[in-house]
Amino acid sequence: MAAERFGALPPMGWNSWNTFTWDISEALLRDVADIFVSEGYKAAGYEYIVIDDCWSLKQRDEAGNLVPDPAKFPSGMKALSDYIHAKGLKFGMYSCVGTHTCAGYPGSFEHEFQDAAQFAEWGVDFLKYDYCYKPKQINGALLYKRMSLALKNCGRDILFSACNWGADDVFLWIHETGAHMYRSTLDIQDNWESVKRLAISQLDKACYTGAYRHNDMDMLIVGIYGGSNNGWIGHIQGGCTDTEYKTHFSLWALMGSPLMIGCDVRNANQTAKNILLNRDILAINQDIECRGVYRLEPDWFNTEEVFILVKTLSTGELAIGFFNLSDEQKALSVSFWDLGLPYSSGISLSLYDCWAHEDMGTYQQQAAPIVPAHDCVVVRAKLNKS
Ligand code: GLA
């Protein structure tokens, strides 16, 4: 099979915003690149290292160019991208459709082609493009089309990551603009209520995700534990438990979201690493066909907070996530009939537990794992002929 083109699969990487917001530097990004290689993130498939907002000076130069803040990036962006590329990784940056970025730095409005050329010159591979300070009279889709055209004609492959927070029914029009992924939610916060709210808000949007059109549910909070320097994202919120981070990661992976790590990987504990580097979960997210999940028809247990998601995999297997976002333990049962297996077929399913990393045995007609509060069970199900 031909290698897929960039952007076909949900991008995986790291983004500076969730933990560091304004407090970014070339030293930090170089450290992240080193750790991606030395601690197995690169080997697991994480490749984009992305600087978010607050990287430039507050004014463009006389020629109208964006200027990296010399206090944060004294060696300049080309040197940083060279460093990241030498590690076999990719480099991402951030700008905005409007006159300013969300944190008040210059945006790319009416500078789209100039900025895209600049990003290409710096060796950028990924551009996150925000929605703040959008001139009210101009249609948002048009502004994404502008930057998309600029990127596609800048002479370099640059993955285009739209970020309009789900506004203006973005799922209906973003794909035609040329973006590879699009933010579909308001900003994540490092707490359980936020994870729940974002996941539930996207359950009816699964049909819009797919290859080159990834529904971005926002950067991951796994491993932050309340350690963001931004009170709104994090330390006031207090973080999540390990179980909640596991469930958050499973939801984002099954629902086809890009997986952009948001914690300080320099200090990630072993539990956070085990979650982020879980190859069985990553394989579901990176399945070559990128099918959206379907939610099993309402059953007696099925509420807004308790549900089963199923993803059809290219291998003919099914990935099944039993999610219990409620505060009490539940048994969640799946009848194989509802997966498309008539009882008359005699087909059984061998289940493999993607968190315990072990076979669960062979099941006829149904399976009903017990799922503790805020937890999930994710299995890979293989069909066996009788
Ligand atoms: C918006 C985006 C965030 C982040 C900030 C930066 O809020 O949704 O992901 O990029 O802007 O200011």
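The values are calculated or read from the model by the stated rules, or taken from the named source; none is laboratory data. Worth saying up front: this structure is predicted, and the values here are computed from it rather than measured. Here the Cβ is made from the backbone with ideal geometry for all residues, glycine too, and neighbour counts use every protein chain on show. With ligands, DNA and RNA removed, areas are computed over all heavy atoms of the protein, side chains included. Shrake-Rupley method; radii C 1.70, N 1.55, O 1.52, S 1.80 Å.
In the frame of its principal axes, segment 157-200 has Cα extents of 35, 23, 12 Å, reported largest first.
Its DSSP H runs of at least 4 residues, each contributing -39,500 (n - 2.57), put the calculated 222 nm mean residue ellipticity of the chain at -7500 deg cm²/dmol, to the nearest 500. Relative to the dominant Cα principal axis of the chain, helix 140-152 is inclined by about 80°. The shape of segment 219-330 comes out oblate: with a ≥ b ≥ c from the C-alpha gyration tensor, a/c is at least 1.5 while a/b does not beat b/c. By accessible area, using a 1.4 Å probe on protein heavy atoms only, segment 246-356 has 47% of its surface on carbon and sulfur. Only beta bridges with both residues in segment 84-214 are counted; by DSSP, about 15 percent of them are antiparallel. Sorting the Cα pairs of the chain by distance into bins of 10 Å, from 0 upward, gives 5, 24, 33, 23, 11, 4, 1, 0 percent per bin. Taking a ≥ b ≥ c as the square roots of the eigenvalues of the Cα gyration tensor, an a/c ratio of 1.5 or more together with a/b no larger than b/c marks segment 273-312 as oblate. Packing here is the average count of other Cβ atoms within 10 Å per residue, and on that basis the peptides 120-129, 288-297, highest first, run 120-129, 288-297. Note on exposure: 213, 380 ranked by accessible area (1.4 Å probe, complete protein assembly) read 213, 380, with the most exposed listed first.
Which pairs in the list 246/382; 42/152; 42/128; 87/145; 90/136; 90/382 are over 30 Å apart, alpha-carbon to alpha-carbon?
In this structure, 87/145; 90/136; 90/382 lie more than 30 Å apart at Cα.
Surface listing: 282, 172 arranged by accessible area from highest to lowest gives 172, 282, probe 1.4 Å. When the charge dipole of the chain is built from unit charges on Cβ atoms (+1 for Lys and Arg, -1 for Asp and Glu) and taken about the Cα centre, the candidate among 313, 294, 106 whose Cα reaches farthest toward its positive end is 313.
In the elastic network of the chain, a GNM with C-alpha springs shorter than 10 Å, the most mobile of 299, 216, 187 is 299. Computed from the C-beta positions of residue 156 and residue 345, the FRET efficiency with R₀ = 35 Å rounds to 0.10.
Would you mind checking the tilt of helix 77-86 against the longest principal axis of the Cα atoms of the chain, expressed as 0 to 90 degrees and rounded to 10? Result, in degrees: 40.
Taking 4.7 Å between beta carbons as the limit, the unpaired Cys residues of the chain are 54, 96, 154, 163, 207, 240, 263, 290, 354, 376. Karplus-derived 3J(HN,Hα) values for segment 193-205, using 6.51 cos²θ - 1.76 cosθ + 1.60 with θ = phi - 60°, are 4, 5, 4, 4, 4, 5, 5, 4, 5, 9, 4, 8, 10 Hz; glycine and proline are entered as x. In this structure the chain gives 40 Å² per residue of accessible area when probed at 1.4 Å with all protein chains present.
Most tightly packed first, judged by the mean number of other beta-carbon atoms within 10 Å of their residues, the peptides 176-185, 61-70, 101-110 read 176-185, 101-110, 61-70.
Sorted on the mean count of surrounding Cβ atoms within 10 Å across their residues, most packed first, peptides 160-167, 272-279 read 160-167, 272-279. Taking all protein chains together and a 1.4 Å probe, the residues 55, 355 rank 355, 55 from largest to smallest accessible area.
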